[in-house]
Amino acid sequence: MDRFAIERFIEDANAAKSSKEVSALFGKALAVFGYDRYCYSLITDHPSLGLNAGHGLVCNYPDDWMEHYRLNQYEKKDPVPQYGISASRPFTWASVVAQRKWHPDQMKVMHEAEEARLCDGIAVPVCGVNGELAGFGIASSHGGVSPDRTLLHKVQALAIQFHLAFTELEKIETPLTENLAEVYLTEREKEIMSWAAEGKSDSVIAEILGVSHSTVRFHMNNVFKKLNANERTLATVKAIRHGLILPSFIG
């Protein structure tokens, strides 16, 4: 079932008429992967939206936890967003704790989050236009989720699509900052991105197509430039969102 959850979410989010609708769809898609709690925050100011940086712009964390977090100014102590500022890939909360010896006040945030039934947490940083940075905290209220690398990448695809759909609906300026209507991908670029969307690594794609690894990277970098993307998951989601490729699923 999860093989098609991402593609379905992309289609439904593209058709959504409000940010509230996108949020509901996001929660439904996350549930397929065992997560029922999410918090979408703006790490930096977002001039493209006319919004300042802020914690929990869209969130279904427990209300008492959010109030406790705010009153204790945990956004200044929480190790997860501090680590996420310099991260480019999704990561588990557990991996942050294991990175180094944190101050007791910082570890208190993590322990209390677990007591608030925010378990098996993961974080997804999303870099937007002009260096704008957003981030997701995603957790399970019942636990028992094993966030391995594959799951992280699938949830990252959902998070990026949410960010794209949400910000498009929230934009206060027209025309849109980014217009991909005129973007054209060559047949080779479409072929490579379709395999990338199915979870194939560059080396595997090179083997499938009978070309060199450097050739795959050359075409991939060209796609990044055309789609204004800095990594393959964002490029893949944008390519699907704008109908440039039509994979069966994202692995």
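The values are calculated or read from the model by the stated rules, or taken from the named source; none is laboratory data. Since we're looking at a predicted model, the values are computed, not measured. Note that each Cβ is placed from the backbone with ideal geometry, even for glycine, and that neighbours are counted across all protein chains shown.
Which residues, taken from the stretch 109-142, are more than 18 Å from the chain's Cα centre (by Cα), touching a residue at least 12 places away in the same chain (Cβ under 8 Å) and farther than 19 Å from residue 56 by Cα?
Within the stretch 109-142, 142 is the sole residue that qualifies.
Taking residue 55 as the residue in question, decide whether it is of a type outside the set (Phe, Trp, Tyr) and without any contact (Cβ under 8 Å) to a residue 40 or more places away in the chain.
Taking the combined requirement at face value, the residue satisfies it.
Which residues, counting only those in the stretch 2-30, are touching a residue at least 24 places away in the same chain (Cβ under 8 Å) and among the small types (Gly, Ala, Ser)?
Residues satisfying the conditions are 5, 13, 16, 18, 19, 23, 27, 29.
In this structure, does residue 61 turn out to be out of contact with any Asp or Glu (no Cβ under 6 Å at 6 or more places or on another chain), part of a loop (DSSP other than H, G, I, E, B) and closer than 19 Å to residue 139 by Cα?
In short, yes.
Quickly run through the stretch 46-61 and pick out the residues that are closer than 20 Å to residue 77 by Cβ and out of contact with any Leu (no Cβ under 8 Å at 6 or more places or on another chain).
55, 56, 59
May I ask you to list the residues in the stretch 65-96 that are over 19 Å from residue 153 (Cβ atoms) and charged (D, E, K, R)?
The answer is 67, 70, 75, 76, 77, 78.
Against the conditions (1) surrounded by 17 or more Cβ atoms within 10 Å (Cβ to Cβ); (2) part of a helix (DSSP H, G or I), where does residue 55 fall short? Just the number, please.
Result: residue 55 fails condition (2) only.
Yes/no per residue for (1) in contact (Cβ under 8 Å) with a residue 40 or more places away in the chain; (2) under 24 Å from residue 152 (Cβ atoms); (3) surrounded by 18 or more Cβ atoms within 10 Å (Cβ to Cβ):
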{"site": "201", "(1), (2), (3)": "no, yes, no"}
{"site": "209", "(1), (2), (3)": "no, no, no"}
{"site": "215", "(1), (2), (3)": "no, no, no"}
{"site": "223", "(1), (2), (3)": "no, yes, yes"}
{"site": "235", "(1), (2), (3)": "yes, yes, yes"}
{"site": "240", "(1), (2), (3)": "yes, yes, yes"}
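Do the conditions hold for residue 178, that is, is it modelled with pLDDT under 90, outside any loop (DSSP other than H, G, I, E, B) and not small (Gly, Ala, Ser)?
No; evaluated as a whole, the condition is false for this residue.
What are the residues in the stretch 67-98 that are small (Gly, Ala, Ser), modelled with pLDDT of 90 or more and not in a helix (DSSP H, G or I), if any?
Scanning the stretch 67-98 gives no hits.
Quick one: residue 120 ticks every box in (1) at pLDDT 95 or above; (2) assigned to a helix (DSSP H, G or I); (3) touching a Ser or Thr at 6+ places or on another chain (Cβ under 9 Å) bar one, so which box is it?
(2)
Before we move on, is residue 183 closer than 22 Å to residue 246 by Cα, outside any helix (DSSP H, G or I), within 23 Å of the chain's Cα centre (by Cα) and among the hydrophobic types (A, V, I, L, M, F, W, C)?
yes
Residue 35 - would you say it is out of contact with any Lys or Arg (no Cβ under 9 Å at 6 or more places or on another chain) and not in a strand (DSSP E or B)?
yes
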